[in-house]
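One structure is given here, and the rest of the page talks about it.
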Amino acid sequence: MRKRPVVSGEKLLKVLVRLGYEIVRQRGSHIRLRKPTAAGDHNITVPMHDELAKGTLNDILSQVSIWNGISEDALIEIIKQS
């Protein structure tokens, strides 16, 4: 498993939109996204902070990895390339 990069909420949001997530709503500094999958709708919340906490980023990457069938390492590479 690779080291987690330092990522802003805005950068992570752009990556998730490219993966097919759509913005559903925003409340304060948190944006809610949804993606329909074969297993049902996957909802995830991304805080629009300058730097996401390591645990928050880890949780988001874990969930996206499971729901989309993409390894966490592949997600980290996508984030680094953007």
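The values are calculated or read from the model by the stated rules, or taken from the named source; none is laboratory data. Values in this document were obtained by computation on a predicted structure and should not be read as measured data. Counting neighbours? That spans all protein chains shown, and the Cβs are built from the backbone with ideal geometry, glycine included.
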* Under the condition of being closer than 21 Å to G69 by Cα and modelled with pLDDT under 95, which residue from the range 1-14 is surrounded by the most Cβ atoms within 10 Å (Cβ to Cβ)? -> R4
* Looking at the range 15-29, which of its residues are surrounded by 13 or more Cβ atoms within 10 Å (Cβ to Cβ) and in a helix (DSSP H, G or I)? -> V15, L16, V17
* Check the range 15-28 and report whether any residue there is touching a residue at least 12 places away in the same chain (Cβ under 8 Å) and among the charged types (D, E, K, R). => yes
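Restrict the check to the range 26-35 and report whether at least one residue is hydroxyl-bearing (S, T, Y), within 23 Å of R4 (Cβ to Cβ) and within 10 Å of the chain's Cα centre (by Cα).
Looking for residues that are hydroxyl-bearing (S, T, Y), within 23 Å of R4 (Cβ to Cβ) and within 10 Å of the chain's Cα centre (by Cα), one finds none in the range 26-35, hence no.
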* Qualifying residue in the range 45-54 (condition: over 23 Å from K80 (Cα atoms) and either small (G, A, S) or within 13 Å of the chain's Cα centre (by Cα) (or both)) -> no
* Would you pick out the residues in the range 30-48 that are outside any strand (DSSP E or B) and either modelled with pLDDT under 95 or touching a Lys or Arg at 6+ places or on another chain (Cβ under 8 Å) (or both)? -> A38, A39
* Quick one: which of S65, S82 is of a type in the set (S, T, Y), over 11 Å from the mean Cα position of the chain (by Cα) and either modelled with pLDDT under 95 or surrounded by 13 or more Cβ atoms within 10 Å (Cβ to Cβ) (or both)? -> S82
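What are the residues in the range 49-62 that are assigned to a helix (DSSP H, G or I), free of Cβ contacts under 8 Å to residues at least 12 places away in the same chain and loosely packed, with under 15 Cβ neighbours inside 10 Å, if any?
Matches in the range 49-62: G55, D59, S62.
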